[in-house]
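Participant: Here it is, the structure, as structure tokens.
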Amino acid sequence: MIGALLAFLTCLLGGGVMTANERPVQISVVYDNTAQDSRLTADWGFSCFVEGIESPILFDTGGDGAILLTNLEKLGIQPKDVKILFLSHIHWDHVGGVDAFLAQNGHVEVFAPHSFPEEFKNSIQAAGALVREVEDPVTVCTGTHSTGELGNALIEQSLVVETAQGLVVITGCAHPGIVEIVRAVKSRFGDEIYLVLGGFHLLDLSEEEIREIIREFRNLGVKRVAPCHCTGERAIQLFEADYGENFVKLGAGARISIE
């Protein structure tokens, strides 16, 4: 308590107050095709928990509610710890755990693309949650934003988190194109992109096409990468070879702390 008070007074005497993007941010991978923590179950899908921000966010829910809840428990994350549920797109491997999660914590705000089926949004409201429909870029909570709906055939939103190191971009499957998402973030927010994390959806691309995407990442100034889920094993290998120490290996149980 005394330490926290001294830190606060130091900040005040220094002429400013700590802002959202100066706080440490921690991202825990809850659900992925692979597991780094042997206690967790690996399954096709993606979910991560973002804390150290104004309102802790669960990004997507994976495909199986029982696995989601068990993995959360193993990581010491209680459903009630989540204040905001952020859904990237409507595919089952990202929203399959929604019902199970809401049964444990229906008192959340759910940021969902406007294009989601009405029946799906109505079911969220019936569970007691508040649906925030997203079309254009919007602030989710202080220092955290949605890109807004991107893409044409497959609509998706990504999460952008301000940190002291720069922007962190979290993607579900990057159906609109991972480079297009990064460009949209760069255009909208104009800050340095510290980390791009999540599914890049490069499974069906040739090696040369993947290398071109890596070159585009470099041109856009992306400092670190953490591809997983639908990125594809070969694409992950190529990103690791290019980014070296700035490549972050993910799997269920992985934790990234950004000071």
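The values are calculated or read from the model by the stated rules, or taken from the named source; none is laboratory data. Computed from a prediction, not measured in an experiment: that's the story for all the values here. In this analysis, Cβ positions are derived from the backbone assuming ideal geometry, glycine residues included, and neighbour counts consider all displayed protein chains.
Participant: From the set of residues in segment 207-223 that are touching a strand residue (DSSP E or B) at 6+ places or on another chain (Cβ under 7 Å) and surrounded by fewer than 20 Cβ atoms within 10 Å (Cβ to Cβ), which is nearest to residue 35 (Cα to Cα)?
Facilitator: 223
Participant: Residue 21 passes all but one of (1) surrounded by 17 or more Cβ atoms within 10 Å (Cβ to Cβ); (2) modelled with pLDDT of 95 or more; which number fails?
Facilitator: Tallying (1) surrounded by 17 or more Cβ atoms within 10 Å (Cβ to Cβ); (2) modelled with pLDDT of 95 or more, residue 21 fails exactly one: (2).
Participant: Given the criterion of a type outside the set (Ser, Thr, Tyr) and touching a Cys at 6+ places or on another chain (Cβ under 7 Å), identify the matching residue among 221, 232, 190, 198. Talk me through it step by step, then tell me what you get.
Facilitator: Numbers: 221 fails: touching a Cys at 6+ places or on another chain (Cβ under 7 Å); 232 fails: touching a Cys at 6+ places or on another chain (Cβ under 7 Å); 190 fails: touching a Cys at 6+ places or on another chain (Cβ under 7 Å).
That would be 198, the only listed residue that is of a type outside the set (Ser, Thr, Tyr) and touching a Cys at 6+ places or on another chain (Cβ under 7 Å).
Participant: Confirm whether residue 157 is in contact (Cβ under 8 Å) with a residue 12 or more places away in the chain and closer than 20 Å to residue 224 by Cα.
Facilitator: Against the criterion (in contact (Cβ under 8 Å) with a residue 12 or more places away in the chain and closer than 20 Å to residue 224 by Cα), residue 157 does not qualify.
Participant: Continuing with this model, one more query. If I filter segment 230-253 for residues that are hydroxyl-bearing (Ser, Thr, Tyr), under 26 Å from residue 39 (Cα atoms) and touching a helix residue (DSSP H, G or I) at 6+ places or on another chain (Cβ under 9 Å), do I get at least one hit?
Facilitator: Scanning segment 230-253 turns up at least one residue that is hydroxyl-bearing (Ser, Thr, Tyr), under 26 Å from residue 39 (Cα atoms) and touching a helix residue (DSSP H, G or I) at 6+ places or on another chain (Cβ under 9 Å).
Participant: Continuing with this model, one more query. Among the residues of segment 240-254, write down those that are of a type outside the set (Phe, Trp, Tyr) and surrounded by 14 or more Cβ atoms within 10 Å (Cβ to Cβ).
Facilitator: Kept after step one, since they are of a type outside the set (Phe, Trp, Tyr), are these residues of segment 240-254: 240-242, 244-246, 248-254.
240, 242, 246, 248, 250, 251, 252, 253, 254 - these are the residues of segment 240-254 that are of a type outside the set (Phe, Trp, Tyr) and surrounded by 14 or more Cβ atoms within 10 Å (Cβ to Cβ).
Participant: Could you check segment 34-58 and list, in sequence order, the residues that are hydrophobic (A, V, I, L, M, F, W, C) and closer than 22 Å to residue 93 by Cβ?
Facilitator: Passing the criteria: 35, 40, 42, 44, 46, 48, 49, 50, 57, 58.
Participant: So, in segment 160-174, how many residues would count as being under 16 Å from the mean Cα position of the chain (by Cα) and either free of Cβ contacts under 8 Å to residues at least 12 places away in the same chain or over 23 Å from residue 105 (Cβ atoms) (or both)?
Facilitator: Count: 10.
Participant: Can you name the residue in segment 85-119 that is of a type in the set (Val, Ile, Thr) and crowded, with 21+ Cβ neighbours inside 10 Å and, of all such residues, is farthest from residue 154 (Cα to Cα)?
Facilitator: The extreme case among them is 108.
Participant: So which residues in segment 45-84 are free of Cβ contacts under 8 Å to residues at least 60 places away in the same chain, over 21 Å from residue 168 (Cα atoms) and either aliphatic (A, V, I, L, M) or surrounded by fewer than 17 Cβ atoms within 10 Å (Cβ to Cβ) (or both)?
Facilitator: Those that are free of Cβ contacts under 8 Å to residues at least 60 places away in the same chain, over 21 Å from residue 168 (Cα atoms) and either aliphatic (A, V, I, L, M) or surrounded by fewer than 17 Cβ atoms within 10 Å (Cβ to Cβ) (or both): 66, 67, 68, 69, 70, 72, 73, 76, 77, 78, 80, 81.
Participant: Same structure, new question: Kindly evaluate residue 257 against the criterion of being surrounded by fewer than 15 Cβ atoms within 10 Å (Cβ to Cβ), under 21 Å from the mean Cα position of the chain (by Cα) and of a type in the set (Ser, Thr, Tyr).
Facilitator: yes
Participant: Report, by residue number, each residue of segment 113-146 that is in a strand (DSSP E or B) and basic (Lys, Arg).
Facilitator: Across segment 113-146, the qualifying residue is only 132.
Participant: Please verify whether segment 108-121 includes one or more residues that are touching a Pro at 6+ places or on another chain (Cβ under 7 Å), farther than 20 Å from residue 53 by Cα, at pLDDT 95 or above and small (Gly, Ala, Ser).
Facilitator: No; the residues of segment 108-121 include none that is touching a Pro at 6+ places or on another chain (Cβ under 7 Å), farther than 20 Å from residue 53 by Cα, at pLDDT 95 or above and small (Gly, Ala, Ser).
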